[in-house]
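Engineer: Pasting a structure below so you can have a look.
Computed from the coordinates by the stated procedures, all read-outs in this text should not be read as laboratory data. None of the values given here were measured: they were computed from a predicted structure. Glycine also receives a Cβ, built like all others from the backbone with ideal geometry; neighbour counts cover every protein chain displayed.
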C-alpha cells in the first residue's frame, strides 16, 4: 500500500513537472530582431521573429523562401538558449543561435547561400508586447473618409454655390 502511494505520488510529480518544463518561455512569443552583418555597424534587417507551436518563423526570411521550422531550446536558470535551422527553397540555408536573458535576446544568424558565400549576422532582439493595428482598421478609416466626401461636397455646394471636391 505504501509503495503504491509512493509510486502514484512520484508519477504525479513527474507528470506535472514535465508539463511545466515542456514548453519553453519562447513559445507563443514574438520578437523585434535586428540583424547586423559581421563587420558592420548598421542593421541590415529589422525582422519580426515568432516562436509558435514548436516552430520559428522570420517575416523577412519567409518572404525569401525559408518556411517556418522547428527550434530547440534549453532552459539555463533564468536564461534560455535556442537554435534552429531553416532550409530555403532557392536561397540556401540559415542557422539561428540565440540566448534569451530576461527581455533581451542576443545571438547569431549564419546564412549559407547557394553560391557558397556565407554571411554571419549578429542578432539583437526585444519582445513585441502588442500587435500592430489590424488591416481592417485601416480599411474602415479609409471607408469613413470616403463616406464623408459627399457630405463635404454638399456643404461646399450649399455654402459657396460650387464644389471643389469631385
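Engineer: How far apart, in nm, are two points set 7 Å out from the Cα along the Cα-to-Cβ line at residue 32 and at residue 46?
Structural biologist: 0.7
Engineer: Between residue 104 and residue 79, what is the label-to-label distance in nm when each label sits 7 Å out along the Cα-to-Cβ direction?
Structural biologist: Roughly 1.1 nm, to one decimal.
Engineer: Separate question: List residues of the range 44-60, by number, whose backbone nitrogen lies under 20 Å from a label position 7 Å along Cα→C-beta of residue 122.
Structural biologist: 44-49
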